[in-house]
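The structure appears below as structure tokens.
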Amino acid sequence: MSIKKLEQQYELAVYPRRDVVLVRGKGARLFDDQDREYIDCASNVGVSNIGHGHATVAKAVYEQYLTLGNCYSMFYNPVRARLAEKLAELTPGDLNRVFFCNSGAEANEAALKFARSSTGKPEIIASMRGFHGKTMGALATTWGPEYQKPFAPMLPGVRHVPYNKFEKLEAAVGERTAAILLEPVQGEGGVRVGDRQFFEKVRQLCDDRNILLIMDEVQTGFGRTGTMFACEQFAVPDLLCLAKSLAGGLPMGAVLCSDRVEVPLKSHTSTFGGNPIACAASLATIGVIENENLVENAKTLGAYFQERLRAIESRRIREVRGLGLMIGVELKEKAGPYVQKLMDRGVIVLLAGATVIRLLPPLVITKEDIDTVVDALKAVLAD
Ligand SMILES: *Cc1c(COP(=O)(O)O)cnc(C)c1O
């Protein structure tokens, strides 16, 4: 049976699939089973920030598996210790302690629990168009009736307010508000960049009202927006949720916590959380980001990419927006058909809602590749 038929027959059909079998990748390139080459502008939704097949990470993973592949967190472990220290150093403010898990949804789940236990209050305020994962707790904070409805009832105590609208958010805050959960740039919600003044006011409100600020940087973390973490450009949160590119492609999540966060012993744990292989991959990945100046790359090439996109003259484009190498091209029509047209021209992109083409290339992408992508977009969006 063909690869496509096997997957169609033996897996639950929850992912809308594209008609391509990807078999390998190198840097910012992906290759299908016919050995056709694609420029990757998706990075597996922000996982592959350092590009595909990086030898430094491969070596770290291989060697760690031979040394000690698993170590439940009831024991101390040197790789985990070093990564915890590294993350505390890398993150701003007093985000000094970490909880390790295995995915973005899990990081948000943990943050929601920590917010409740630390404040003794039950309610969470999240934003319209926000995306925080699809497990039961995280799903209650994710915007979108289409995701929530089949699985109702949701976790109670969650309210959604418009993004970047401080008065609306302030009006939703009450005595029982434990935390405010926001993405610094909304990814799934259409690549909507946070407003700096909005975030500064939210930070002040949290300080004044004993509310914890949770920032979901699962997609924006590790250089994507031109700083190591996007929150550096907005406001320092009390809980910082990370996953996607944290371990260079291996499954891993983490919640960095400020001194205001307290969690009772044994109240939240994870078997695979902080396993040495993921930790070794993460340390190697962070090393690559630092040594190859990928944060700076995201900043300069992001600005270049956005400038070139804004120069495209097409009656189909409504707006180009983004931060660093997290870019959205909003069309005046449905964007879906253009995803396939771009793939036919050897460029893989993402959607963010019905009308937005989302570009999240690996941070190792070259200027030449960006030029090729701009030409492809120009061609498919021409009349
Ligand atoms: C992808 C994503 C998640 C969910 O991560 P999973 O690893 O798929 O559970 C949560 N928040 C944001 C902002 C994301 O982009």
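A few remarks follow.
- Reported value for the stretch 74-289: 114 Å³ per residue, from the convex hull of its C-alpha atoms.
- Take the chain with all the other protein chains still there, run a 1.4 Å probe, and you get 46 Å² of accessible area per residue.
- In Å², nearest 10: area of F114 left accessible to a 1.4 Å probe: 10 Å²
- Exceeding the 30 Å Cα-Cα cut-off - candidates K341/K367; K266/K299; K149/K341; K113/K149; K244/K266: K266/K299; K149/K341
- 19 Å Cα-Cα reach of K121 towards aspartates and glutamates, excluding residues that sit fewer than 8 places from it in its own chain: E109, E170, E175, D207, D208, D238, D259, E262
- Extension gain from D19 to K334, taking 0.36 nm per residue of separation minus the Cα-Cα distance: 111.5 nm
- Computed from label points 7 Å out along Cα-Cβ, the spacing between Q197 and E232 is 2.5 nm.
- For the chain, the relative contact order comes to 23 percent (Cα pairs under 8 Å, sequence separation of at least 6).
- Ordered from highest to lowest accessible area with the whole protein assembly present and a 1.4 Å probe, M136, M128, M343, M154 read as M136, M128, M154, M343.
- Using C-alpha pairs below 8 Å separated by at least 6 residues, the relative contact order for the stretch 21-94 is 19 percent.
- Of F229, F31, the order by accessible heavy-atom surface (1.4 Å probe, DNA, RNA and ligands excluded), from most exposed downward, is F31, F229.
- Share of carbon and sulfur in the accessible heavy-atom surface of the stretch 29-153 [1.4 Å probe, %]: 58 percent
- Rg and Dmax over the alpha-carbon atoms of the chain stand at 20.5, 62 Å.
- The chain, helix-only ellipticity at 222 nm - DSSP H runs n ≥ 4, -39,500 (n - 2.57), divided by all residues, nearest 500: -11000 deg cm²/dmol
The values are calculated or read from the model by the stated rules, or taken from the named source; none is laboratory data. Worth saying up front: this structure is predicted, and the values here are computed from it rather than measured. Note that each Cβ is placed from the backbone with ideal geometry, even for glycine, and that neighbours are counted across all protein chains shown. These accessible areas exclude ligands, DNA and RNA; they are computed on the full protein's heavy atoms, side chains included. Shrake-Rupley method; radii C 1.70, N 1.55, O 1.52, S 1.80 Å.
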